[in-house]
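Here is the structure we will look at, set down as structure tokens.
The values are calculated or read from the model by the stated rules, or taken from the named source; none is laboratory data. If you're wondering where the values come from, they're calculated on a predicted model, not measured in any experiment. Every residue, glycine as well, gets a Cβ built from its backbone with ideal geometry; the counts of neighbours run over all protein chains shown. For the accessible areas, the whole protein counts, side chains as well, though only heavy atoms, and no ligand, DNA or RNA atoms are used. Shrake-Rupley method; radii C 1.70, N 1.55, O 1.52, S 1.80 Å.
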Amino acid sequence: PIRRKSIQEGEDILISETIFRFKAAALPFSLRIERISHRIMGCTGSRNTNEVEKASLYVPELSQLADMLKESLRGNFETVETKVVQCPDLTKWGLAAPGICGNPRIIDIGGVPNLLDPKHHDTAFFTIPQVAEDVGLKGAYVYGAGAASSKVVGVNAELMPTEHVSENCRCSRYSKVLEDGSHTMEKYNSSEFGLLANLIACDGKQGNVVEVRAKKRIGKDNFVTCMRTGLAKGLQAEDEKNEKRFGTRQIGIGGVFKVKSGKVRGHVMPDFKPTVMIDGPEVEDWLQFYEMGPDLTCLSVFLTGDPTIAPSNPNGLDLRLEHTHFFSQRTNEGGHYHFDTTPDEVEYVGYFLPAPDVYRV
């Protein structure tokens, strides 16, 4: 997703995987980020790494969230089951902590402009321990999706971070494109990352979470997008019923899910281009896409919207609303999740938890 302050007359914008040319000089405020395809990545401005902003999110009861997620998915998958359960031991899925509970918070760091412009490639670096401290959770367990540090890897690469800082336990991985066009995944032995990331920080404890199971996709949306947009529609319906403006409440979710069967389409970023890229078709052509799976562990962060958006602040915190990376414990496959490619065979199982706050770094 990308948020724009305005859309100029004649500008090409990729929406729902189709390029449209807008005739109006600007679109009305009601055009929201969830209408723009997840294939366009990121935010509109690079960030000062010393700047941290915070906004509150709506946290439904877990039983209510389970019902909302079931309603979100049931038109897109033939079989859907949701319920509140005790979080299983996720170290068995390759994570650095057994759970995703305890003071969860969403963190949006940097942004795609850092990737697009070479002037940021050697300067936009962050560390997981410092980010955890910046959001008031020193020593946290942190997981999510981001970009590896080119100083660590030697090239641009995808990052699947899972690190428990206080326990000195790191199970992160990175995926890169090789010279022959193939890709590989390896262990990532550093807390440093670059350019951008969408993370969850928490205590890493086991506790109550929402379990989601979905099999055989019959609709067009991917698993994550379906949950995100379904939750947004549910909130919108409630707010309209209560005569509240949509956008005053937003839900933010962190979670881990498995692609138990079937394959997915994912991308891996190649090394940097030496020139400034324009987000959209140029970036799509630059990314390297592969079919991967099954048995993939996916680290996911998504929000229904930006809770700070207002007529006086149309960009809000400039948040990325959806980001999921995955890795295999059995093969060298890993990357950025787009959608499953075998709808009749696909099966997902995941564990999700809402966060009360989102931080922008």
What number of residues within the stretch 296-307 are surrounded by fewer than 23 Cβ atoms within 10 Å (Cβ to Cβ) and of a type in the set (A, V, I, L, M)?
0
Complete set of residues in the stretch 123-140 that are charged (D, E, K, R) and closer than 13 Å to VAL361 by Cα:
GLU133, ASP134
Residues in the stretch 113-135: is at least one basic (Lys, Arg), farther than 28 Å from ASN222 by Cβ and open to solvent by 20 Å² or more (accessible area, probe 1.4 Å)?
yes
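The rows are residues; the columns are (1) open to solvent by less than 20 Å² (accessible area, probe 1.4 Å); (2) touching a residue at least 24 places away in the same chain (Cβ under 8 Å); (3) within 21 Å of the chain's Cα centre (by Cα).
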{"position": "GLY144", "(1), (2), (3)": "yes, yes, yes"}
{"position": "GLU158", "(1), (2), (3)": "yes, yes, yes"}
{"position": "GLU163", "(1), (2), (3)": "yes, yes, yes"}
{"position": "SER166", "(1), (2), (3)": "no, yes, no"}
{"position": "ARG173", "(1), (2), (3)": "no, yes, yes"}
{"position": "ASP180", "(1), (2), (3)": "no, no, no"}
{"position": "GLU192", "(1), (2), (3)": "no, yes, yes"}
{"position": "ILE200", "(1), (2), (3)": "yes, yes, yes"}
Cβ-Cβ below 8 Å, separation at least six or inter-chain, first residue in the stretch 206-234 and at pLDDT below 95, second surrounded by fewer than 18 Cβ atoms within 10 Å (Cβ to Cβ): which pairs?
GLY234/GLU71
Kindly indicate which of LYS205, LYS260 is more than 19 Å from the chain's Cα centre (by Cα), closer than 15 Å to LEU299 by Cα, of a type in the set (D, E, K, R) and open to solvent by 10 Å² or more (accessible area, probe 1.4 Å).
LYS260
Let me spell it out: the conditions are (1) open to solvent by 10 Å² or more (accessible area, probe 1.4 Å); (2) hydrophobic (A, V, I, L, M, F, W, C); (3) not in a strand (DSSP E or B), and PHE289 meets all of them except one. Which number is the exception?
(3)
Regarding the stretch 308-317, can at least one residue be identified that is touching a Pro at 6+ places or on another chain (Cβ under 9 Å), assigned to a loop (DSSP other than H, G, I, E, B) and surrounded by 16 or more Cβ atoms within 10 Å (Cβ to Cβ)?
yes
State whether the residues of the stretch 326-337 include one that is touching a residue at least 40 places away in the same chain (Cβ under 8 Å), open to solvent by less than 20 Å² (accessible area, probe 1.4 Å) and in a loop (DSSP other than H, G, I, E, B).
no
Could you list, in sequence order, all residues of the stretch 185-226 that are under 27 Å from GLU347 (Cα atoms) and among the aromatic types (Phe, Trp, Tyr)?
PHE223
